[in-house]
2 protein chains.
Amino acid sequence: MENIKQYMLQVGQQARAASRLMAQASTNAKNHALENIATAILLNSTKLIAENAKDVAAAKQNGLDAASIDRLTLTEKTINSMAEGLRQIAALPDLIGEINDLKFRPSGIQVGKMRVPLGVIGIIYESRPNVTADAAGLCLKSGNAAILRGGSEAIFSNQAIAECVYRGLREAGLPQNAVQVINTTDRAAVGELITMKDYVDVIVPRGGKSLIARISEEASVPVIKHLDGICHVYIDDEADLPKAIRIADNAKTHRYGVCNAMETLLVNASVAAQVLPELGKIYLNKGVELRGDEAARTLVPQMKTATEEDWRTEYLAPILSVRIVANLDEAIDHINTYSSQHTDSIVTENYSKAMRFLREVDSASVMVNASTRFADGFEYGLGAEIGISTDKIHARGPVGLEGLTSQKFIVLGSGQIRV
Amino acid sequence: MENIKQYMLQVGQQARAASRLMAQASTNAKNHALENIATAILLNSTKLIAENAKDVAAAKQNGLDAASIDRLTLTEKTINSMAEGLRQIAALPDLIGEINDLKFRPSGIQVGKMRVPLGVIGIIYESRPNVTADAAGLCLKSGNAAILRGGSEAIFSNQAIAECVYRGLREAGLPQNAVQVINTTDRAAVGELITMKDYVDVIVPRGGKSLIARISEEASVPVIKHLDGICHVYIDDEADLPKAIRIADNAKTHRYGVCNAMETLLVNASVAAQVLPELGKIYLNKGVELRGDEAARTLVPQMKTATEEDWRTEYLAPILSVRIVANLDEAIDHINTYSSQHTDSIVTENYSKAMRFLREVDSASVMVNASTRFADGFEYGLGAEIGISTDKIHARGPVGLEGLTSQKFIVLGSGQIRV
């Protein structure tokens, strides 16, 4: 325990020192590092797969479930896509140093804002080893230093990827400590990381809800977090019904286990009879379990009864709750009560209702006539994504490079003093 | 204690409900409310002064120091400036609902960002009753609901101002609970306020360092905070010396007790002999105590010896620490080590050094050839200021209306689904 404290303190100090150098690193040096890491990962694919095999063997012995083992396993294909991801990050514009809104003030000074890195970012994740490369790349490009703490089940894989990252940084003339991958599986390391206020500026946990909830609870460093994805689609009485059916189908059934999948469908009472039976058929054919209120169940008899708990549940599974609402007000009320403020969509052709929905629904992504599945950094054009925030301060929704930065004020004077 | 919990829970729930309505309130209604409150404050000045007199009498009886009593006291003049402040906030543009960067994506959806209120803002402050009107005005204009907790010594004044605020809100057709002024002096109310995550989105403490440090320590709600203001001026060897002397004088002596006053002066060794004796004379004539390193003391013999502690101290008083540095690197190193990341300024005519200082100094405000005293919401053109943040996420430096908002993503589609 005392050793871990000592080790993490050193990691923190090294990260802080490296962050000063990274904040000044040229775009060119950062892009070179990213290219170098990509190359190193490809050149070392055999070694990466061999190291990963140790993790996978241990995971099997420890009886890890098939889905987790799948996420843990590295293949030629996942290694290629790690390298490709790093090259895509290199191709993104460098935001650091960008100056905006430089304006003269009556005193004669010019005041503007300069985009700067946050400093040191701690990332805590679970079994996917590709997060190591991905998170390192995003932090590096945004001029931050990163401390990465992956799941203990991926320790060999992560250390092997870390070697590639360190080499890529060194070869580009950047400090190796700009990315540090924690080399202990001791959980005490996480406790230190999330409370080292002097050395860590923000924590981004990536993983299951319980991990994130625990970290937010215990952290004293600010956390950019993603909790539930309880997403809604509301089919308005003035919806174009073919669009509504297409969107409601896609939002639920395109992928079930993702945070931007719809979990609750709200349907305006006056069109429910026109859309729900047809939608019910689609869902049931795809094996989606339906749970509805009484009005919905009348239209789709195979539907089970939804309980209060259903409105608050992120199924991440082929289950959908359905509720009939009288009007837009009821829909917005339901969403602002039960939504996890992640992503909610209205289907309507009515301009005023679309505008009201956009304004009044208090979620990170609010949509009109589009599937909730679009809530994603790539689809939004951010180029890459470190996570999706359901917080309200700093960053809402998909967090790309910009979310890992902030703006400081700059003042350009010519000798002005305050009078 | 149980009663306070109950009371604060109710306050929180009312604030959350009011915040929904405030987020949709029209610019017109918000401006009307601000005008109404200003008018009510002016019409009730006699009553405000009478209620304030009770606080002042109690404060005197309790032996409060003269400076605190001065901050506590309301006069016709301070009442007029409260009303004027509210009218200035009414005149500021409404940021809420502003849509930026709406762009088409290859999928056909349009993605942009809409500026939205944070929701419920808790403000904790000390004895100045004018903060009640000021903070209420800023939260109201930015579409937030506010919970205000002023110092117990100002309880009568704050409740009297609160009556004006409530009336102004009601008369504009806005929910009275959009601003709630806590009516108990029980400290347990603060403990509740800073941990009601479900009902409060952000806490802004305004006051002394110990108040802010304690609140940040104990809060589970995010805090926008301002700790020290250890500000630096660095006089470069390529400085225009008359400018340097003017700025170094102003930054220290314009006002002593403010967070953007200079506390440490750094002087390049090769110009120290030219500027320090003259500056020393100016400071000593104004009664500023000087504490320097050995090299500085050689040039100004009246200077005391600065200790390591001096570099870390925000004097808020006529005391200045002075250090001679060999070059820009040493200056930046000193600042990034000892600065509180509030405001730091370089005086130089050299372009490259100015650019390096702007980029490499990791503070909320970084200046070239200007007095640190300009770090202020009004001087920056924010129109008003709820505080100055020394945090790195969400907002750095002076926090105006924009700092009380965030941006959500909006997606405008025409039936798009993810393929």
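Label position 7 Å from Cα toward Cβ: report the copy-to-copy distances for A:Lys209 in nm, one decimal, ordered from shortest.
Computed spacing set for this position: 4.3 nm.
Quick check on the protein assembly as shown: what does the Kirkwood estimate of hydrodynamic radius come out to from the alpha carbon pairs, in Å? All intermediate terms of the calculation are to be shown ahead of the outcome.
Values: mean 1/r = 0.0347 Å⁻¹.
About 28.8 Å for the protein assembly as shown.
Give me the distance between the Cα centres of the stretch A:182-211 and the stretch B:235-296, rounded to whole Å.
For the stretch A:182-211 versus the stretch B:235-296, the Cα centre distance is 43 Å.
Are there DSSP H segments in chain B that both extend 27 Å or more along their axis (alpha-carbon positions) and score a mean Kyte-Doolittle hydropathy of at least -1.0? List them, or say none.
Working: long enough: B:2-24 (34 Å, -0.55).
Helices passing the filter in chain B: B:2-24.
May I ask you to report, in nm to one decimal and beginning with the shortest, the distances from A:Asn28 to the same position in the other copies, taking label points 7 Å along Cα-to-Cβ?
Counterpart label points of A:Asn28 in the remaining copies fall at 5.8 nm.
Just from its helices, what would the mean residue ellipticity at 222 nm be for chain B, if runs of 4 or more DSSP H residues each count -39500 (n - 2.57) and the sum is divided by every residue, rounded to the nearest 500 deg cm²/dmol?
Details: 15 runs with 186 residues, N = 419.
Counting only the DSSP helices, I get -14000 deg cm²/dmol.
Based on the alpha-carbon set only, what is the convex hull volume of chain B divided per residue, in Å³? Intermediate results must be reported in sequence, preceding the final value.
Values: hull volume 73.5 nm³, N = 419.
Spread over its residues, the Cα hull of chain B gives 175 Å³ apiece.
What is the Cα centroid distance between the stretch A:3-33 and the stretch A:110-160, reported in whole angstrom?
That distance is 11 Å.
Where along chain B is the Cβ that lies nearest the axis linking it to chain A, and how many Å separate them?
Its Cβ sits closest to the axis: B:His394, 2.
If amide hydrogens are placed 1.01 Å from N in the peptide plane, which non-local residues have theirs closer than 5 Å to the one on B:Val179?
Amide H to amide H, under 5 Å and 5 or more residues apart or across chains, B:Val179 pairs with B:Ala146.
Where is the GNM fluctuation largest for chain A (alpha-carbon springs, 10 angstrom cutoff): A:Ser365, A:Ser152, A:Ser389?
Fluctuation is largest for A:Ser152.
Please build a GNM for chain A, connecting alpha carbons under 10 Å apart, and tell me which residue among A:Leu64, A:Leu72, A:Leu86 fluctuates the most.
Among A:Leu64, A:Leu72, A:Leu86, the largest mean-square fluctuation in the Gaussian network model of chain A belongs to A:Leu64.
Once a ≥ b ≥ c are taken as the square roots of the eigenvalues of the Cα gyration tensor of the stretch B:110-256, is the result rounded (a/c under 1.5), prolate (a/b larger than b/c) or oblate (a/b not larger than b/c)?
prolate
Sort shortest first the distances from A:Gln10 to its counterpart in every other copy, using label points 7 Å along the Cα-to-beta-carbon line, and give them in nm.
Ordered by increasing distance: 5.8 nm.
What is the percent of Cα-Cα separations in the stretch B:231-374 that go past 18 Å? Please report the intermediate quantities before stating the final value.
Details: 4911 of 10296 pairs.
Percent of Cα pairs beyond 18 Å in the stretch B:231-374: 48.
If I model a spin label as a point 7 Å beyond the Cα along the Cα-Cβ vector, how far apart are those points for A:Gln88 and B:Arg170 in nm?
Each label point lies 7 Å from its Cα, and together they span 5.7 nm.
Could you work out the local net charge near B:Ser81, counting Lys and Arg as +1, Asp and Glu as -1, over the other residues with Cβ closer than 13 Å to its Cβ? Provide the component values of the computation, followed by the final result.
On the way: positive: B:Lys77, B:Arg87, B:Arg128; negative: B:Glu76, B:Glu84, B:Asp134.
After counting each charged neighbour, the total is 0.
GNM on chain B, C-alpha springs below 10 Å: top fluctuator among B:Asp236, B:Asp134, B:Asp198?
Looking only at B:Asp236, B:Asp134, B:Asp198, the largest GNM fluctuation is found for B:Asp198.
Would you calculate the separation in nanometres between label points at B:Phe104 and B:Thr195, each defined as 7 Å from the Cα along the Cα-to-beta-carbon direction?
Inter-label distance under the simple model: 5.4 nm.
If we count every other residue with Cβ under 15 angstrom of B:Glu309's Cβ, Lys/Arg +1 and Asp/Glu -1, where does the sum land?
Values: positive: B:Arg291, B:Lys304, B:Arg312, B:Arg323; negative: B:Asp228, B:Glu263, B:Glu289, B:Asp293, B:Glu308, B:Asp310, B:Glu314.
It works out to a net charge of -3.
What shape does the stretch B:322-368 take by its C-alpha gyration tensor, where a ≥ b ≥ c are the square roots of the eigenvalues and a/c under 1.5 counts as rounded, a/b above b/c as prolate, and the rest as oblate?
The shape class here is oblate.
Read the figures in this text as sums done on the coordinates, not as results from a lab. Fair warning: this is a prediction, and the values are worked out from it, not measured in the lab. Cβ atoms come from the backbone with ideal geometry, glycine included; neighbour counts cover every protein chain shown.
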